[in-house]
2 protein chains.
Amino acid sequence: MKRTGFAKAECPVARALDAIGDWWSLLIVRDAFDGLRRFGDFQKNLGIAKGMLTTRLRTLIELGVLEQVAASDGSAYQEYVLTRRGHDLFPIVVSLRQWGEAHLYARGEPHSVLLDQAGQAVGQLVLPSKSGKPLGWADTKVRKVARRR
Amino acid sequence: MKRTGFAKAECPVARALDAIGDWWSLLIVRDAFDGLRRFGDFQKNLGIAKGMLTTRLRTLIELGVLEQVAASDGSAYQEYVLTRRGHDLFPIVVSLRQWGEAHLYARGEPHSVLLDQAGQAVGQLVLPSKSGKPLGWADTKVRKVARRR
DNA sequence: CGAACTGGTTCTAAAATAGGACTAGACAGC
DNA sequence: GCTGTCTAGTCCTATTTTAGAACCAGTTCG
């Protein structure tokens, strides 16, 4: 049956998953962060079926995560680049990366790492509190409903 | 056709998505963070088909994200609780929440918010650098392959 | 001009999903 | 200690999604 949607869910986590929580969308975004811009580049790098890629790119454009611009090399083709909203997905990609690095590799197994411009490995994402002390799961709670400013 | 898997991908983002990047798994984890423990509670709260929930719980247990324990109320039933590995998913859930809050709600539309124990709204996740200045997308790069310690 | 590249669309088979019907064991009331 | 309800599933089917290959129209290269 048709996959259940959460587009109108009250919970922001559910809405985010409805928008970009499928197998391909975040990998396309990851590649876009890595500098890929062309249809063919995404298709080759991901090994995704072209039809899949077409529908995913369309959805991401509708969401305002990507936009289509004229190719930077002067050819008649188009490129797909991240919007502001797309760049805001950075923490999601990083958190997935850090969890994957920590829990999904056997010892000795090669994997990629995230570095800063100086070549230093970056630290863990932290959720800051007023006091500056990082917050963990047990330090937070959800207030069910609020009005958006 | 059979969904393509990324379990053996070199990229940690791909592996993480392979493990928990489907529509339901992270919502189950979110509910577990909210304190839900019983099969029926997950099933009612999510509106998920029981068969779906069964397979998802099994996968999460195989991954070591959840574990089954004897019910806390003394009954003969079982409960599902987050492991250490499951708790480490907190930044992923929070980053999804924050992106959803920022981009997926119309003005005036009710939504839930994340608070600390004092009832203060929490800040944005940050990726700290050595200097303490938060890192953004343009400040990082990926080194392709490394050996795990 | 013809060949190859780019960026798709269309088709099919297999697999995943949603949802309902069914069930076995636990537990509560009487 | 019998009966009815609750819990936690399993099983089945219709529909949707996916992967992959074949096809195709413009664009660029030689």
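Quick one: would you say residue B:95 is polar (S, T, N, Q) and at the interface with another protein chain (Cβ under 9 Å from one of its Cβ atoms)? Criteria met by residue B:95. If the condition is being within 12 Å of chain B (Cβ to nearest Cβ), surrounded by 16 or more Cβ atoms within 10 Å (Cβ to Cβ) and not charged (D, E, K, R), then the stretch A:24-51 contributes A:24, A:25, A:26, A:27, A:28, A:29, A:32, A:33, A:46, A:48. The numbered conditions (1) over 16 Å from residue A:16 (Cβ atoms); (2) within 8 Å of chain A (Cβ to nearest Cβ) are all true for residue B:67 except (2). Of the helices (runs of 4 or more DSSP H) lying entirely inside the stretch A:1-98, those containing at least 2 residues that are over 27 Å from residue B:97 (Cβ atoms) and away from DNA strand D (no atom under 13 Å from the Cβ) are A:39-46. Of the residues B:74, B:100, the single one that is under 28 Å from residue B:124 (Cα atoms) and of a type in the set (Gly, Ala, Ser) is B:100.
Entry remark, the stretch A:123-149: residues being at pLDDT 90 or above, outside any strand (DSSP E or B) and more than 23 Å from the chain's Cα centre (by Cα) number 2 in total. You will find that of A:64, A:100, A:86, the residue that is touching a Lys or Arg at 6+ places or on another chain (Cβ under 8 Å) and buried (at least 16 other Cβ atoms within 10 Å of the Cβ) is A:100 and no other. Being assigned to a helix (DSSP H, G or I) and either at the interface with chain A (Cβ under 7 Å from one of its Cβ atoms) or buried (at least 19 other Cβ atoms within 10 Å of the Cβ) (or both) is a property that residue B:115 lacks.
Could we say that residue B:21 is loosely packed, with under 13 Cβ neighbours inside 10 Å and either at pLDDT below 95 or not acidic (Asp, Glu) (or both) here? No; evaluated as a whole, the condition is false for this residue.
The values are calculated or read from the model by the stated rules, or taken from the named source; none is laboratory data. This is a predicted model, so every value here is computed, not measured. Virtual Cβ from ideal backbone geometry, glycine too; neighbours counted across all protein chains shown.
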